[in-house]
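Just below is one structure, and these are the notes that go with it.
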Amino acid sequence: MDIVVSANNNQEILIFPVVPKGEIEISNPQENQQISTINAGALNLIGPMGLRKFSIASIFPVNDYPWVKRGSKNGWEYVDFFDRWRKARVPIRIVVSKKDGSEFLNMPCSIDNFTYSEMKSGDIKYTLELTEFTFVKVV
């Protein structure tokens with residue numbers, strides 16, 4: 001599995017150095033609405049699809065390890081990437097591919113929360129919470 005993130009139409013691209021050990025679970029809500037009627041009781045009105053959400057938790061290594069993906073950057077460069085693009089209020093695109101190379105997820109996202117801390121080893125433990133971003137076309 002590979003995770004690639006880019007910003008501003010591929011102006012800057014990063015490959016995640018370590019793929020999370022757990023599953024990547026995507027919340028895919030639908031904006032249904034329940035109403036009460038006099039005759040029929042409760043009705044469920046099927047609404048449009050909501051925005052997908054998911055989170056990733058892993059580490060950005062600062063130290064060299066043999067299991068880190070080739071071409072990875074220093075862990076603090078990943079922190080800088082997410083901090084800069086959040087402050088610029090620019091959505092990012094995340095692409096997750098399966099082991100066979102096929103695409104699992106390709107989604108523009110807003111960064112809702114980015115939590116990180118430096119571990120005793122100097123590596124950076126992080127959690128990244130993302131929500132699907134919809135580009136609005138003004139006509």
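The values are calculated or read from the model by the stated rules, or taken from the named source; none is laboratory data. Note that the structure is a prediction, hence the values are computed from the model and not measured. Cβ sites come from the backbone with ideal geometry, for glycine too, and all protein chains shown count toward neighbours. Calculation scope for accessible area: heavy atoms of the full protein, side chains included, ligands and nucleic acids excluded. Shrake-Rupley method; radii C 1.70, N 1.55, O 1.52, S 1.80 Å.
Residue by residue through region 2-37, note down the ones that are open to solvent by 80 Å² or more (accessible area, probe 1.4 Å) and either under 27 Å from Gly71 (Cα atoms) or among the β-branched types (Val, Ile, Thr) (or both).
Asn9, Asn10, Gln11, Ile13, Lys21, Glu23, Glu25
Among the strands (runs of 3 or more DSSP E) confined wholly to region 1-98, which include 3 or more residues that are in contact with a Pro (Cβ under 7 Å, 6 or more places away or on another chain) and either under 19 Å from Glu132 (Cα atoms) or in contact (Cβ under 8 Å) with a residue 40 or more places away in the chain (or both)?
53-60
Starting from region 99-114, take each residue that is of a type in the set (Ser, Thr, Tyr) and list its partners that are surrounded by 14 or more Cβ atoms within 10 Å (Cβ to Cβ) and not in a strand (DSSP E or B), counting only C-beta distances under 8 angstrom and pairs at least six apart or across chains.
Qualifying pairs under 8 Å: Ser110/Pro91; Ser110/Phe133.
Quick one: count up the residues across region 1-19 that are modelled with pLDDT under 90 and over 16 Å from Cys109 (Cβ atoms).
Number satisfying all stated conditions: 4.
Restricting to region 38-61, and then to whatever is open to solvent by 50 Å² or more (accessible area, probe 1.4 Å) and of a type in the set (Val, Ile, Thr), can you tell me which residue is nearest to Thr127 (Cα to Cα)?
Going through the qualifying residues, I end up with Ile46.
Take the residues in region 114-139 that are open to solvent by 60 Å² or more (accessible area, probe 1.4 Å) and within 12 Å of the chain's Cα centre (by Cα), then tell me which one is nearest to Val19 (Cα to Cα).
Once the filter is applied, the top-ranked residue is Glu129.
State which residue is nearest to Pro17 (Cα to Cα) when the search covers only region 85-113 and only residues that are of a type in the set (Lys, Arg) and surrounded by 14 or more Cβ atoms within 10 Å (Cβ to Cβ).
Arg93
Considering only region 63-84, I want to know if a residue exists there that is in contact with a Ser or Thr (Cβ under 7 Å, 6 or more places away or on another chain), open to solvent by less than 70 Å² (accessible area, probe 1.4 Å) and either modelled with pLDDT of 95 or more or closer than 30 Å to Gln33 by Cα (or both).
No, because not a single residue in region 63-84 is in contact with a Ser or Thr (Cβ under 7 Å, 6 or more places away or on another chain), open to solvent by less than 70 Å² (accessible area, probe 1.4 Å) and either modelled with pLDDT of 95 or more or closer than 30 Å to Gln33 by Cα (or both).
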